[in-house]
Amino acid sequence: MRKLEDAVYAGVLGKIIGVYFGRPVEGWSYARIQEQFGQIRSYVHSQVGSSIIEVDDDISGTFTFVKALRENGMPSSLESRQIGLHWLNKVIEEKTIFWWGGMFRSTEHTAYLRLKEGIDAPDSGSMAYNGKTVAEQIGSQIFIDGWGLINLGHPEMALAMAAEAAKVSHDGIAVSMAAWIAVLEAVVFEEKDIRQAMRQANTIVNDPEVSELVEWMINVCEESTHWRQARDQIEACHPYSRYGGNCPIVTNFLVIVMSCVMDHDDFLEAISIAASVGYDTDCNAGNVGCIEAIRLGLENLDRHAFLRSQVNERMWVVSAEGGATIDNASTVAQQLITDARQLHEKTQSLWPRYAFLFPGCTHGFEAFQGTTVSQVPGIELIPQTGKVMEWRTEVFYDLLHEKAGGYALVASPLLYWGQRIYGEVQSAELTKVTLFVDFFNQDEQAERFLSDPILVEGKQLLNWLLPPGRGYPIWRMGLLVKGQSLFVHHLDHGGEPALTYTEISTMSPNYTIGRAVPSWYRAFTDSTRCSTVDHLSTFCLSHTEDNGLVYIGNQDWHHLSIASTLILTLQKTAGLVLRLTGLQRYYAAVLQDQKLRIVCRKDRDVQILAECDFAYAADQEVAMKFEAFFDQLKVSMDGEVCLICHDSTYSCGAAGFLVEKGTVQARGLSLQEVTHA
């Protein structure tokens with residue numbers, strides 16, 4: 001099982017490294033890349049004025065859409081219709097994952113609009129609805145690697161799942177080529193000869209047109225003494241102009257084949273070729289990086305240490321599940337391995353969030369005034385003599401300095417006031433350990449909060465309960481270590497939050513109308529058209545359509561109450577939500593049609609679980625409290641319990657507000673643990 005674990009981890013690393021390699025020159029011509037860089041053999045972000053870690057659709061889509069398997073109960077097969085509904089649950093229109101380039105210009109935007117209209121997959125991506133050119137662009141393959149990674153050694157299942165996933169937005173050869181990439185990833189887990197692996201993928205996918213193109217590309221590579229010669233043949237025989245659209249799949253698919261065949265079994269050379277040939281550089285380098293990292297292994301990747309060290313596993317998986325945006329390669333790999341084992345072995349692996357399972361892994365932690373040594377499982381922290389070592393990782397993004405790139409960075413923190421940080425550490429000699437969190441305060445400055453010092457000698461459990469607090473977002477967490485080396489077996493955080501948001505005059509005393517919204521509001525995930533903070537209360541929630549949501553938190557939240565005073569207008573619906581895992585899956589307590597209701601939304605279905613008459617009018621203020629404790633849901637209005645019901649559809653998730661076709665102000669917000677029914 002060590003082989004599977006390392007291969008999945010390598011594939012995730014290879015994907016993000018490839019994307020970061022190619023992203024700075026995305027959209028550049030071949031001539032421009034050649035003139036400025038020759039062949040790209042290092043990260044070039046700083047030379048073009050970007051950051052190494054940026055939001056990218058290739059990463060967000062890849063590691064969001066594969067969650068459809070988990071959220072549908074881990075079935076052995078999955079239909080495109082289910083994955084299409086998952087899109088609606090995880091994509092915030094015109095904000096997350098996709099290039100929102102317009103109907104019949106952006107394939108994914110077009111497919112999303114079809115889904116939104118009620119046209120299910122596979123029709124949403126079909127030529128019949130969208131035309132051949134739109135249906136055969138690159139997008140099917142750029143999001144496909146997750147389906148290969150959970151099916152390593154199981155190429156037939158990779159084929160079935162990847163094809164269904166591709167059909168949500170694509171058709172024709174784009175479906176076959178995307179499936180071929182996932183199949184190749186499943187095959188190279190065992191078959192290390194790249195040509196033999198590609199021919200196995202041809203047999204399994206069984207699309208004569210794809211097989212012919214793969215064989216043509218292999219032959220061109222064998223007849224070429226340098227990859228530039230092979231690249232010239234792609235441009236001569238299969239240029240963009242032959243297929244039409246912004247980014248046709250065939251040209252880019254051939255780049256992937258060429259890069260893997262001509263890399264001389266060197267991971268860096270593979271992604272270097274893919275990033276240097278032009279076309280869709282980040283997409284192609286990402287696919288190539290995943291394939292070749294699985295095939296060649298971590299040892300090959302680590303021939304060039306900078307590839308891992310400069311990235312430090314960091315990644316942003318941006319979706320409607322804002323509480324899952326801040327991520328790292330190790331934690332993503334752990335979840336994919338868990339899914340793979342459940343899918344193929346019917347067993348489940350449960351690891352702490354930061355388990356340090358893989359050679360050289362970091363979970364995004366950085367060390368200052370000290371060094372780290374990977375021990376698998378675990379990591380050793382070695383302070384400099386006489387210095388206090390700082391070891392930390394981000395649980396939110398740096399609101400003061402971070403650049404998101406060309407895509408929106410939508411995120412909520414991983415860690416909140418009221419939750420626990422816990423784990424297990426060990427030291428052979430007496431060592432002082434202090435836990436800390438850094439957060440953004442009311443003055444929009446970073447501030448540190450420390451635990452009491454802990455003296456560690458031998459093996460010891462850590463268990464730090466953060467105090468209740470205002471909703472100022474926690475940015476980083478970590479350890480301060482003084483003395484001898486400290487071995488960290490694992491770390492985690494979780495539990496229910498204890499958060500209070502007051503009026504903006506006390507939350508952000510220096511806030512001025514028209515300026516950037518405060519950091520605490522930027523910690524909310526927002527699917528609405530024009531919600532923001534309110535200078536007279538706390539929140540102004542406004543949406544012109546149904547199902548506008550503003551929320552915070554993640555799937556660590558289970559037994560929770562949410563309370564706020566709502567100031568009504570002529571809106572269609574206003575209320576509070578709990579246990580939200582996306583835009584289409586949550587519980588809500590709502591005022592609607594002069595009734596108070598508890599509803600359960602699951603995809604396109606909204607079920608009324610309980611309701612009662614409740615008269616309300618514009619400009620009325622109502623104090624609403626919504627609670628979830630195991631399967632019990634309870635709503636109180638102005639201090640009186642009005643509705644109680646039971647439902648077990650959802651057990652955890654984020655919390656926030658719902659507004660439909662109108663505007664609602666909200667004064668204050670309280671999120672607290674519920675300990676009894």
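Within region 377-428, restricting attention to residues that are in a loop (DSSP other than H, G, I, E, B) and of a type in the set (D, E, K, R), the residue that is farthest from Y9 (Cα to Cα) is K387. Of all the numbered requirements in (1) in a helix (DSSP H, G or I); (2) hydroxyl-bearing (S, T, Y); (3) touching a strand residue (DSSP E or B) at 6+ places or on another chain (Cβ under 7 Å), T338 misses one, and that requirement is (3). Set side by side, the residues T347, T371 differ, and just one is without any contact (Cβ under 8 Å) to a residue 40 or more places away in the chain, over 21 Å from W475 (Cα atoms) and outside any loop (DSSP other than H, G, I, E, B), which is T371. In the condition set (1) within 29 Å of the chain's Cα centre (by Cα); (2) modelled with pLDDT under 95; (3) surrounded by 13 or more Cβ atoms within 10 Å (Cβ to Cβ); (4) not charged (D, E, K, R), V488 is compliant with all but (2).
Per-residue answers, yes or no, for (1) within 21 Å of the chain's Cα centre (by Cα); (2) more than 23 Å from S485 (Cβ to Cβ):
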{"site": "Q334", "(1), (2)": "yes, yes"}
{"site": "D339", "(1), (2)": "yes, yes"}
{"site": "T347", "(1), (2)": "no, yes"}
{"site": "P352", "(1), (2)": "yes, no"}
{"site": "G360", "(1), (2)": "no, no"}
{"site": "A367", "(1), (2)": "no, no"}
{"site": "V373", "(1), (2)": "no, no"}
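Has region 573-585 got any residue that is in contact with a Phe, Trp or Tyr (Cβ under 9 Å, 6 or more places away or on another chain) and either assigned by TED's automatic domain parsing to the domain that holds G418 or acidic (D, E) (or both)? No, because not a single residue in region 573-585 is in contact with a Phe, Trp or Tyr (Cβ under 9 Å, 6 or more places away or on another chain) and either assigned by TED's automatic domain parsing to the domain that holds G418 or acidic (D, E) (or both). Within region 163-197, being among the hydroxyl-bearing types (S, T, Y) and either over 22 Å from the mean Cα position of the chain (by Cα) or modelled with pLDDT under 95 (or both) holds for one residue alone: S176.
Pairs linking a residue in region 196-215 that is closer than 17 Å to E156 by Cα to a residue that is part of a helix (DSSP H, G or I) and acidic (D, E), with Cβ atoms under 7 Å and 6 or more positions apart or on different chains, are I204/E156. When the residues of region 383-406 are filtered to those that are more than 23 Å from S319 (Cβ to Cβ) and exposed (fewer than 15 other Cβ atoms within 10 Å of the Cβ), the one that is modelled with the lowest pLDDT is H401. Where residues in region 228-259 are small (G, A, S) and either buried (at least 20 other Cβ atoms within 10 Å of the Cβ) or at positive phi (or both), which of them is farthest from the chain's Cα centre (by Cα)? Residue satisfying both the conditions and the ranking: A230. You will find that of Q672, Q594, Q632, the residue that is touching a Pro at 6+ places or on another chain (Cβ under 9 Å) and over 19 Å from G548 (Cβ atoms) is Q672 and no other. Only residues that are surrounded by 20 or more Cβ atoms within 10 Å (Cβ to Cβ) and more than 23 Å from D265 (Cα to Cα) were counted in region 211-227, giving 0.
Answer yes or no as to whether K95 is charged (D, E, K, R) and either over 22 Å from the mean Cα position of the chain (by Cα) or surrounded by fewer than 24 Cβ atoms within 10 Å (Cβ to Cβ) (or both). When the stated conditions are applied, K95 passes them.
Within region 337-351, being surrounded by fewer than 20 Cβ atoms within 10 Å (Cβ to Cβ) and not small (G, A, S) holds for T338, R341, Q342, L343, H344, E345, K346, T347, Q348, L350, W351. Which members of region 77-110 meet the condition of being part of a helix (DSSP H, G or I) and basic (K, R)? Scanning region 77-110 gives R81, K90. When L399, L450, L455 are checked against the criterion of being within 21 Å of Y551 (Cβ to Cβ) and not aromatic (F, W, Y), a single residue qualifies: L399. Do we find a residue being over 27 Å from the mean Cα position of the chain (by Cα) and touching a residue at least 60 places away in the same chain (Cβ under 8 Å) anywhere in region 432-451? So far as region 432-451 goes, yes, one or more of its residues are over 27 Å from the mean Cα position of the chain (by Cα) and touching a residue at least 60 places away in the same chain (Cβ under 8 Å).
Looking at D120, is it among the acidic types (D, E), surrounded by fewer than 19 Cβ atoms within 10 Å (Cβ to Cβ) and either farther than 28 Å from T281 by Cα or at pLDDT 95 or above (or both)? Yes: the conditions hold for D120. Examine region 429-446 for a residue that is assigned to a loop (DSSP other than H, G, I, E, B) and under 19 Å from F365 (Cα atoms), and state whether such a residue exists. The answer is no, given that none of the residues of region 429-446 is assigned to a loop (DSSP other than H, G, I, E, B) and under 19 Å from F365 (Cα atoms).
The set of residues in region 534-558 that are farther than 18 Å from G494 by Cα and of a type in the set (D, E, K, R) comprises D534, E545, D546.
Taking every residue in region 458-475 that is crowded, with 23+ Cβ neighbours inside 10 Å and pairing it with any residue that is of a type in the set (V, I, T) and not in a loop (DSSP other than H, G, I, E, B), at least 6 positions away or on another chain, the pairs with Cβ-Cβ distances below 6 Å are I474/V437. Based on what the data block shows, is C361 touching a Lys or Arg at 6+ places or on another chain (Cβ under 6 Å), surrounded by 18 or more Cβ atoms within 10 Å (Cβ to Cβ) and not in a strand (DSSP E or B)? Answer is no for this residue. Listed here are the helices (runs of 4 or more DSSP H) enclosed by region 156-268 that have at least 1 residues being out of contact with any strand residue (DSSP E or B) (no Cβ under 9 Å at 6 or more places or on another chain) and of a type in the set (K, R): 194-205, 227-237. Among D526, D546, which is the only one that is surrounded by fewer than 23 Cβ atoms within 10 Å (Cβ to Cβ) and modelled with pLDDT of 95 or more? So the residue among D526, D546 that is surrounded by fewer than 23 Cβ atoms within 10 Å (Cβ to Cβ) and modelled with pLDDT of 95 or more is D546.
Considering only region 428-445, I want to know if a residue exists there that is closer than 24 Å to C652 by Cβ and either in contact with a Cys (Cβ under 7 Å, 6 or more places away or on another chain) or modelled with pLDDT of 95 or more (or both). Yes. Out of V25, V44, one residue alone is in contact (Cβ under 8 Å) with a residue 24 or more places away in the chain and closer than 22 Å to A270 by Cβ. It is V25.
What are the pairs with Cβ atoms under 8 angstrom where one residue, in region 265-287, is over 14 Å from P24 (Cβ atoms) and the other, located anywhere, is basic (K, R) and modelled with pLDDT of 95 or more? Sequence gap at least six, or different chains. Note: pairs meeting the criteria are D266/R303; F267/R303; L268/R41; L268/R303; V277/R231; N287/K15.
Being under 23 Å from N202 (Cβ atoms) and in contact with a Ser or Thr (Cβ under 8 Å, 6 or more places away or on another chain): is that true of A162 here? No, not satisfied. Might you check whether a residue that is more than 30 Å from H401 (Cα to Cα), out of contact with any Lys or Arg (no Cβ under 9 Å at 6 or more places or on another chain), assigned to a loop (DSSP other than H, G, I, E, B) and of a type in the set (S, T, N, Q) occurs anywhere in region 56-76? Checked against the condition, which is being more than 30 Å from H401 (Cα to Cα), out of contact with any Lys or Arg (no Cβ under 9 Å at 6 or more places or on another chain), assigned to a loop (DSSP other than H, G, I, E, B) and of a type in the set (S, T, N, Q), region 56-76 yields at least one hit.
The values are calculated or read from the model by the stated rules, or taken from the named source; none is laboratory data. Just so you know, these numbers come straight off a predicted model, no measurement behind them. Because the Cβ atoms are built from the backbone with ideal geometry, glycine has one as well, and the counts that use them run over all protein chains shown.
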